[in-house]
1. In this structure, does A:T7 turn out to be more than 14 Å from every other protein chain (Cβ to nearest Cβ), more than 23 Å from A:L189 (Cβ to Cβ) and exposed (fewer than 14 other Cβ atoms within 10 Å of the Cβ)?
2. It is to be established whether one or more residues within region B:456-467 are over 44 Å from the mean Cα position of the chain (by Cα), in a helix (DSSP H, G or I) and not charged (D, E, K, R).
3. How do the pairs read when you match residues in region B:83-96 that are more than 7 Å from every other protein chain (Cβ to nearest Cβ) with residues anywhere that are of a type in the set (K, R) and open to solvent by less than 10 Å² (accessible area, probe 1.4 Å), using Cβ under 7 Å and keeping only pairs 6 or more apart or on different chains?
4. Which residue out of B:T260, B:T252 is β-branched (V, I, T) and either at pLDDT 90 or above or surrounded by 15 or more Cβ atoms within 10 Å (Cβ to Cβ) (or both)?
5. A:Y290: open to solvent by 20 Å² or more (accessible area, probe 1.4 Å), at pLDDT 95 or above and within 14 Å of chain B (Cβ to nearest Cβ), yes or no?
6. From the set of residues in region B:30-74 that are more than 12 Å from chain A (Cβ to nearest Cβ), outside any helix (DSSP H, G or I) and within 23 Å of A:T225 (Cα to Cα), which is most open to solvent (accessible area, probe 1.4 Å)?
7. Show the residue pairs meeting these rules: Cβ distance below 8 Å; 6+ apart or different chains; first residue within region B:130-146 and closer than 12 Å to B:V37 by Cα and of a type in the set (D, E); second residue open to solvent by less than 10 Å² (accessible area, probe 1.4 Å) and assigned to a loop (DSSP other than H, G, I, E, B).
8. So which pairs qualify, if the first residue must be in region B:399-417 and closer than 20 Å to B:V467 by Cβ and among the hydrophobic types (A, V, I, L, M, F, W, C), the second must be open to solvent by 80 Å² or more (accessible area, probe 1.4 Å) and modelled with pLDDT of 75 or more, the Cβ gap must be under 6 Å, and the two must be at least 6 apart or on different chains?
Amino acid sequence: MEIYKLTSHELSVKLNEKAFTHTDVVAAIESRIKSIDPKVKAYVRFNGFAGQNELPAGIPVSIKDNICTKGVLTECCSKILQGFNPPYNATVIDKLSGAGFMALPVKTNMDEFAFGSSTENSCFGRTNNPWDTDCVPGGSSGGSAAAVAADEAIMALGSDTGGSIRQPASFCGVVGMKPTYGRVSRYGLIAFASSLDQIGPITKDTRDSAILLNAISGYDPLDSTSVNAEVPDYTKSLTGDIKGIKVGIPKEYFVSGIDPEIKNIIEEAVNKLRAIGAANKEVSLPHTEYAVPVYYIIATAEASSNLARFDGVQYGWRSNGPEGLIDLYKRTREEGFGEEAKRRIILGTFALSHGYYDAYYLRALKVRTLIKNDFDNVFKEFDCIVTPTSPTAAFKAGEKTTDPLKMYLSDIFTISANLAGIPAISIPCGFTKAGLPVGLQILAKPFDEGLLLRIAHAYEQNTPWHKMRPEI
Amino acid sequence: MEYVAVIGLEVHLHLKTKTKAFCGCSTEFGSQPNTQVCPVCLGFPGSLPVLNKKAFDYAIKTGLALNCKVQNFTKFDRKNYFYPDLPKNYQISQYDLPLATKGYLDIEVEGKIKRIGITRVHMEEDAGKLIHKENCSLVDFNRAGVPLLEIVSEPDINSPLEAYEYLSTLKSILEYLEVSDCDMEKGSLRCDANVSIRPKGETTLGTKTELKNMNSFKGVRDALDYEIKRQSEALNRNEKISQETRLWDAKTMVSVPMRTKEGAQDYRYFPEPDLPPFLVSDEQILGLKNEIPELPTEKMLRFIKEYGLSEYDAKVLTSDKKFAYITEERIKKYPSANKKPVVNWSIGPVLETAAASKMEPADLIIPGGDDEFIKLIKLAEDGQISNLVAKSVFNESLKANKLATQIIREKNLFQISDESSLEKLADEVIKGNPGPVQDFKSGKTNAIMFLVGQLMKKSGGKANPKVVQDVLRRRLTDV
């Protein structure tokens, strides 16, 4: 039996049976990373776990490089955070250890500061898609998704600001969930866009997604935006029964730019849902076309302010021999940030500038409300909304790096959930002719993660997709 | 030409909370650098602010005490600018929805009440402190994140004296609320002033300058005096006033223009996404309103009414909350209906002694406490000891940490009011000072005061001056 191929719920059973120990699990993951990761490059700064202090017992969880782990370098895959060793744990890390998990003392690759949809914007170089190493794994949580897909991780945490969990999960053929804004504490997640960021699970199946969500959810007094609401046991939602569930299919998601092959696969998935008891109907989310521009104003505006603290004064990269204060700022940031980070900082700074604020930022906030209202209206009648996770399957590395706009459109179907603050999940729902996985996105109203998992699980029970693993 | 000054004050004060505005670090002043810091106030990546409820309540209370409308919906904003003392390179502040607006403060200037509008009261976090060395600059983040309140006045102030009174009145209210130490020297209160002048009778406002770096209320008054004079002279020379920030130097009593930044600073304010907006209910506001103690003006009016004090006395007694409180306790304990002696003693010897020893008047320790203090006043009022003796006994009692009554007993200081023994002394004085006696007899009745003084001297200060005067007058006219 290959331990690294197991899910966490399978591992729990085996560990209880004393078929092997926690140490065996970590050793299995370690040797798997050693043998596979040179091809996938899902992890950064990996040197093996030897020489680490004795690791606590627990099912290992791989952590994205923007979630602080005490004593483990956390650099957001950016040169500007070089050497940053957090003196504190993110709340999710503490919650993991409290729930029988163990955060692996190594981080997964990502687009610098989560700026990207392909994990090509990392100061450590790109991650490869395990299904086709010439393709990108999606992003920004591409390292986490690729690690899970390649069985280099039992499960992983990612962060999702505009699709950064779901889109790579879709590209890598795994399950990725973005919880409701406020469901999971953001304390210790290095902020990209504070009003959009959420941490969420990337797993091999929906049961693991429920298990990991159970572990990390809940109110945190350290995060004023976390919501003080009861957390149900999500594994209880996995009933297999979705009879009478009303599914809305937004017409705006099936028009421009969608790959016909993807469209067919999604339609088949919808048919499958209907076959197992759901009822579907076309709905409208009329402000969908504004989601991308609204997102790129709000997200970059917040990012421009969140990233201001990286100035070489206290931690991270500091330019050598600056001539005075302004020069220290200029050179540190010039040398420390990558292209895309600079692009977004400039965009966001512009959007907040005097004379432009009303036309851009304020207007974007208003349209954000309209987008949220669109969802509220649909959820008055429907239990969930089903869409493709991404308009295409994984694309070739380098294909979109020269055209940021094209890259931004890769998130066109995932961004709205962040703007509206609603939960969404991406599950494997088929393969393209080229053999690349395709993801089905399900969205529900705030705090209805249980329903998402129930639908995803029922679908999974009746399809083989989640069991497929790349040959690597 | 005669000019009218138009002044607006911007006061920043530290709220007296135990912990910082958005984290649990201590706010104590004067600790070793960077010992009161955590990931939140250092702005470490991934850290998030959590509002200090106490600071927020203090801010609302201040708004209420300044007659402001406290908003039911308020939020925080980020003020973005780069500076090494600002760990996140943005300050959490309030921009378009401050927690309290449109209040006023009544001040008294030369016997007249004047109302100064309060534009807004908002909460924000303080920055750290830069320490410049020869080859480098160091940052102490202990102060970073300490809760600050900004109180902005309307440009209703028209003279440096009014500015001084505004600050004194404000300070006294804030001390009564116990929300701030208001210590300008420790930096717990800072004040910037905007000032412009216009010819008397005209309504168009002149170009204003901003004055910074004043470290006392007197400094504010001096800086304004200087600036108004500077602007008047410039206008009289037909020069233009340039809009600038000027730094006051208390040593040279001169202000100089600060190096101007290139172009206007754009702070790119936007709502702080890490803190959801706050809803403040009317019940919450009412609850905080009920916690506001009697404020100085109310107390002063009550003192006038209840104890028959003069306005001046009442004002002096109520300017300091603790002192007002202990003085009122003494007034209540004083066993006669006429409370004036306690008031005189409080304003006189107590305040003088406190000032001389640089102590807060409420902190002055009187041996034997209020009881001894009251006995001493009563002995003086009843004429058993002279006022002069009483005062020296008071001073000695404090200096030697000895009961006043014990000193009086040991030194036998009770006043001589016995007329027969005083008559003997009076005769001696009359005999020894024929000149003044002649003066008195020829109609210069004031000459008697000299003779009284001589008699007092002879008695070693123990004679009762009132009785002495009577006795002398009688002997002079009898003989």
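1. no
2. No, region B:456-467 has no match at all.
3. Every condition considered, the pairs that remain are B:I92/B:R78.
4. None of the others qualify; the one that does is B:T252.
5. No; evaluated as a whole, the condition is false for this residue.
6. Among those residues, the one meeting the criterion is B:F73.
7. Listed by first residue and then by second, the contacts come to B:D140/B:G128.
8. Pairs found: B:F414/B:Q384.
The values are calculated or read from the model by the stated rules, or taken from the named source; none is laboratory data. Please read all numbers here as calculations on a predicted model, not as lab measurements. Positions of Cβ are backbone-derived with ideal geometry, glycine not excepted, and every protein chain shown enters the neighbour counts. To get the accessible areas, we keep the full protein, side chains included, count just its heavy atoms, and leave off ligands, DNA and RNA. Shrake-Rupley method; radii C 1.70, N 1.55, O 1.52, S 1.80 Å.
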